[in-house]
Amino acid sequence: MLRAALCAIFLLCALPSLAKESRGHVSVVLLGATGDLAKKYLWEGLFHLYLDQVSSGHSFTFHGAALTAHEPGQRLMFEVLKKLACPSDVSPDRCAVVKDQFLKLSRYHQLKTSENYTALNREIGTLLQQEGLEEAGRIFYFSVPPFAYAEIARHINGSCRPRPGAWLRVVLEKPFGHDLKSAQQLAIELRTFFREEEMYRVDHYLGKQAVAHILPFRDQNRQFLDPIWNRHHVERVEIVLKETLDAKGRTSFYEQYGVIRDVLQNHLTEVLLYLAMELPANISSTEEVLRRKLQTFKSLQGLESTSAVLGQYQAYASQVREELQKAQDYVSWTPTFAGVLIQLDSLRWEGVPFLLTSGKALDERVGYVRVLFKNRAYCTQRESLREMGKSQCGAKQIIFHIGHGELSCPAVLISRNLFKPIMPEGSWKEVMDHPQLHLFGLPLSDYYVYSPVKEREAYSVLISSIFHGRKDSFITTENLLASWEFWTPLLDSLTQQVPRLYPGGLENQHLLDFEMVGSELSFTLEEPVELLHTDGQTPSDYRTIQAKFRQSPLVSAWPEELIARLALDIETAAAKAVARCGEFHLALSGGSSPIVLFQRLVRHHYGFPWRRTHLWLVDERCVPLADPESNFRSLHDHLLQHVRVPYLNIHPMLVHLNRRLCVEEDQGPELYAKEIAALVTNASLDFVLLGLGSDGHTASLFPHSSSGLEGAKTVVLTESPVKPHQRMSLSLPLINKARQVAVLVMGKGKHEITTQISRVGQEPRKWPISGVNPSSGQLVWYMDYDALLG
């Protein structure tokens, strides 16, 4: 049958209108041929490739492969093949003939052992010899989990490579690792068997027509975009993929990866690069495009936990428990929604926010890129009299509509008050019939709207590119590792962050809306914070635990509610101090936990008496104040530059004197102590914020410190067991003179030390935190549930 099919193809190619010189035989092997991806997209893409190339002079055979035994595997595969359909522009007669040939050229193989691969190679070789065919190359499409890559790669390299002179193309599907380390390991394994030019890593988003047209659009419209594609004119960029479906049936995958790894680290990041990269002179040069993408990666500012907001639809945890057979008290923190703010250190994009957003169980299914331009115009004439679409007061935006949504198709839209774009006539057409739709606040008639002349599924586009050896729409190893290097620190920082629960669908309302404050994101609406019972139920009236810890008041809640309570308590203390004596003396610790407090104070406490507040540091590392390791630098970046504290009221610790760091002869501690004594009545600070280290240290007072735990000194130099070793710190005697002391403890990593501290007495030599006991003030512990309950 296979021989007859090949003969029929040669007869087709021999027709005068189709005559082509034989260009060699191509063997396509689809591994995972009966899986979901193959059923939904890959067989269709291979069939469309065959439709396009049947008269090109190439001959083909298609080998479906899986672990399933031959008979059931073949039955499953051909059930899929019989349902294949042709594009609408192919005549029914031609479709029937070509589909029949495609089925005859397709075979199923069980590929499980090295012998199976050897047998496949032998079958391909025998066919080539019997038909007198020259081998052009082989495509191996890995539609299998990544853990199987190495073994399959070893079999292909050992016994299934094509003859010398023929090409090999190995196609790999994501996920390409879980973080930077695992991606590096997978890359090393694959490099053992394949050369870089032989590997095609698929990101199917790059096959979507609107995404694939971003670079050509920028290139063809340079004359319009060059003056405005920059920070002076662009207000922000939104890259969005929303889904209405939840993760049901995929929770095993989702528990390992979550929405950031599933969508943002790959699909949305690649789109960002297309938008932000400097255009090469020739966008057809794969090497030049890759070089510019890598340059863009280097300009991305590092992400912190405050760069993201996370959510999880309410039914997700119960789906995980059901599908993965978890205990009823199992709690998942895997995000199913994420918004991430990315900024670039570049002359073109400095200060422009790029917002990447994706989630499941949302209100609509849609994907789009929106470039919103600044609008400095003021229009005197009332809106009803302005010429629609041309008024300079209307919104100015460029939208690459990736698919679905109200438009339901790929499209490129440009506000008419920007410019009329140049579009390739053969592949894009202007849509003149504007339905009564509105997009981002404007009727469609206010845009120039273009859609593809012929819509193509992303996998069909990419499979065609693989066949032709075009690598510009695929992810190289270097590109992949650069992406993971960028995203892994954020993913690590979010492991203890509890996602906001949302009901799903239209009921989400404004619960997932978020806003930008500087380089940080936060939800715009407050979330009622509830404690999960062991039976999985969440009482609606539960907000915080208030009890005792080490005989002092304890406030405990989820992190967001805890920080809100602490910020309110600080503002209340400030108001009382100002009313009492006209000023408020606040001493703040360093570390990561206070950062969210600073952000809360900046965003929500506009009545805080900053002009009457003196800010002191509890401790400081012996580094220059501008160093990223400096506590003062953190205080400046996250608080001081956003509020109006008088310059003379800011008191950094004196660690850098006479161009030296923490040298005893410079008397930095003594000078800081004198400054406190001169400005603070009785050296009694109004409010001191402390943290708790995993070894029981607080401020920079470490176990068995030689100074600061007792005695008359109020400011001391200390030694930390970790770099930078030298520190300056307020002493326990000074801390204990404060009117109010708060100890903020957050994260599962603090649960063990919290448990230990709860059981010990006052032993500051061993546990410095146990020595915090204000003589006439109050101590309050603020703990999140992770630290308290584990």
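Being within 26 Å of Gly45 (Cβ to Cβ), open to solvent by less than 80 Å² (accessible area, probe 1.4 Å) and modelled with pLDDT under 90 holds for only one residue in Gly426, Gly367, and it is Gly426. Within the option set Tyr274, Tyr205, being under 30 Å from Lys420 (Cα atoms), open to solvent by less than 50 Å² (accessible area, probe 1.4 Å), at pLDDT below 95 and part of a helix (DSSP H, G or I) holds for one residue only, Tyr205.
Can Leu310 be described as under 21 Å from the mean Cα position of the chain (by Cα), hydrophobic (A, V, I, L, M, F, W, C) and open to solvent by less than 20 Å² (accessible area, probe 1.4 Å)? It would help to see each step written out before you state the result.
Numbers: under 21 Å from the mean Cα position of the chain (by Cα): yes; hydrophobic (A, V, I, L, M, F, W, C): yes; open to solvent by less than 20 Å² (accessible area, probe 1.4 Å): yes.
When the stated conditions are applied, Leu310 passes them.
For the range 585-642, the candidate set comprises residues that are open to solvent by 20 Å² or more (accessible area, probe 1.4 Å) and small (Gly, Ala, Ser); within that set, the residue that is farthest from Leu654 (Cα to Cα) is Gly607. For the structure I just gave you, tell me whether Tyr108 is over 30 Å from Pro452 (Cβ atoms), open to solvent by less than 50 Å² (accessible area, probe 1.4 Å) and within 37 Å of the chain's Cα centre (by Cα). The answer is no for Tyr108.
Being in contact with a Leu (Cβ under 9 Å, 6 or more places away or on another chain), open to solvent by 10 Å² or more (accessible area, probe 1.4 Å) and at negative phi is the filter here; which residues of the range 19-38 pass it? Passing the criteria: Ser22, Thr34, Gly35. Does Val517 satisfy the condition of being within 28 Å of His48 (Cβ to Cβ), in the same structural domain as Ala361 (by the TED database) and surrounded by fewer than 20 Cβ atoms within 10 Å (Cβ to Cβ)? So Val517 fails the test. Would you pick out the residues in the range 770-790 that are under 22 Å from Gly747 (Cα atoms), assigned to a helix (DSSP H, G or I) and in contact with a helix residue (DSSP H, G or I) (Cβ under 6 Å, 6 or more places away or on another chain)? Once the filter is applied, which keeps residues that are under 22 Å from Gly747 (Cα atoms), assigned to a helix (DSSP H, G or I) and in contact with a helix residue (DSSP H, G or I) (Cβ under 6 Å, 6 or more places away or on another chain), the range 770-790 yields Asp786, Ala787. Determine, yes or no, whether Phe584 is touching a Gly at 6+ places or on another chain (Cβ under 9 Å), modelled with pLDDT of 90 or more and not polar (S, T, N, Q). No; evaluated as a whole, the condition is false for this residue.
When you check Gln223 against the structure, is it out of contact with any helix residue (DSSP H, G or I) (no Cβ under 7 Å at 6 or more places or on another chain) and surrounded by fewer than 16 Cβ atoms within 10 Å (Cβ to Cβ), yes or no?
Working: out of contact with any helix residue (DSSP H, G or I) (no Cβ under 7 Å at 6 or more places or on another chain): yes; surrounded by fewer than 16 Cβ atoms within 10 Å (Cβ to Cβ): yes.
When the stated conditions are applied, Gln223 passes them.
Take the conditions (1) open to solvent by less than 10 Å² (accessible area, probe 1.4 Å); (2) at pLDDT 95 or above; (3) more than 25 Å from Lys420 (Cα to Cα); Leu241 misses just one of them, which is (1). For the range 128-147, filtered to residues that are under 19 Å from Tyr108 (Cα atoms) and not in a strand (DSSP E or B), the residue that is farthest from the chain's Cα centre (by Cα) is Leu128. Screening Ser460, Ser465 for residues that are outside any strand (DSSP E or B) and in contact with a helix residue (DSSP H, G or I) (Cβ under 6 Å, 6 or more places away or on another chain) leaves exactly one candidate, Ser460.
Filtering the range 481-514 down to residues that are among the acidic types (Asp, Glu) and in a helix (DSSP H, G or I), which residue is farthest from Lys360 (Cα to Cα)? Show your work before the answer.
Restricting attention to the range 481-514, the residues satisfying the condition of being among the acidic types (Asp, Glu) are 485, 492, 507, 513.
Next cut, in a helix (DSSP H, G or I) only: 485, 492, 507.
Values: Glu485: 25, Asp492: 22, Glu507: 13 Å.
Filtering the range 481-514 for residues that are among the acidic types (Asp, Glu) and in a helix (DSSP H, G or I), the one farthest from Lys360 (Cα to Cα) comes out as Glu485.
Collect the residues in the range 620-652 that are closer than 23 Å to Ser731 by Cβ and not in a loop (DSSP other than H, G, I, E, B), keeping them in residue-number order.
Narrowing the range 620-652 to residues closer than 23 Å to Ser731 by Cβ: 620-623, 625, 629-632, 634-635, 649-652.
Of everything in the range 620-652, those that are closer than 23 Å to Ser731 by Cβ and not in a loop (DSSP other than H, G, I, E, B) turn out to be Glu620, Arg621, Asn631, Phe632, Ser634, Leu635, Asn649, Ile650, His651.
Pairs needed: first member in the range 98-125, assigned to a helix (DSSP H, G or I); second member anywhere, open to solvent by 10 Å² or more (accessible area, probe 1.4 Å) and of a type in the set (S, T, N, Q); C-beta distance under 7 Å; at least 6 residues apart or different chains. Listed pairs, sorted by first residue: Ser114/Ser159; Asn116/Gln110; Tyr117/Ser159; Thr118/Ser159; Asn121/Ser159.
Select from the range 483-503 the residues that are of a type in the set (A, V, I, L, M, F, W, C) and more than 24 Å from Ala787 (Cα to Cα) and write down the one among them that is surrounded by the fewest Cβ atoms within 10 Å (Cβ to Cβ). If you could, list the steps in order and put the result at the bottom.
Filtering the range 483-503 for residues of a type in the set (A, V, I, L, M, F, W, C) gives 484, 486-487, 490-491, 494, 498, 501.
In the following step, the residues that additionally are more than 24 Å from Ala787 (Cα to Cα) were identified as 484, 486-487.
On the way: Trp484: 22, Phe486: 19, Trp487: 21.
Step by step, filter the range 483-503, then rank; the result is Phe486.
Does Asn682 satisfy being more than 30 Å from Thr755 (Cα to Cα) and in contact with a Lys or Arg (Cβ under 9 Å, 6 or more places away or on another chain)? Yes; evaluated as a whole, the condition is true for this residue.
Would you call Gln756 of a type in the set (S, T, N, Q) and assigned to a helix (DSSP H, G or I)? Before you say what the answer is, go through the steps one by one.
Working: of a type in the set (S, T, N, Q): yes; assigned to a helix (DSSP H, G or I): yes.
When the stated conditions are applied, Gln756 passes them.
Of the listed requirements (1) open to solvent by less than 60 Å² (accessible area, probe 1.4 Å); (2) touching a Ser or Thr at 6+ places or on another chain (Cβ under 9 Å); (3) modelled with pLDDT of 95 or more; (4) not in a strand (DSSP E or B), Phe193 misses just one: (2). The residue pairs whose first member lies in the range 75-95 and is under 13 Å from Ser460 (Cβ atoms), whose second member is among the aromatic types (Phe, Trp, Tyr) and surrounded by fewer than 16 Cβ atoms within 10 Å (Cβ to Cβ), and whose beta carbons are closer than 9 Å, counting only pairs six or more residues apart or on different chains, do not exist in this structure.
The values are calculated or read from the model by the stated rules, or taken from the named source; none is laboratory data. These numbers come from a predicted model, not from an experiment. Note: ideal-geometry Cβ built from the backbone for every residue, glycine included; neighbour counts use all protein chains shown. Heads up: the accessible areas ignore ligands, DNA and RNA and are worked out on the full protein's heavy atoms, side chains in. Shrake-Rupley method; radii C 1.70, N 1.55, O 1.52, S 1.80 Å.
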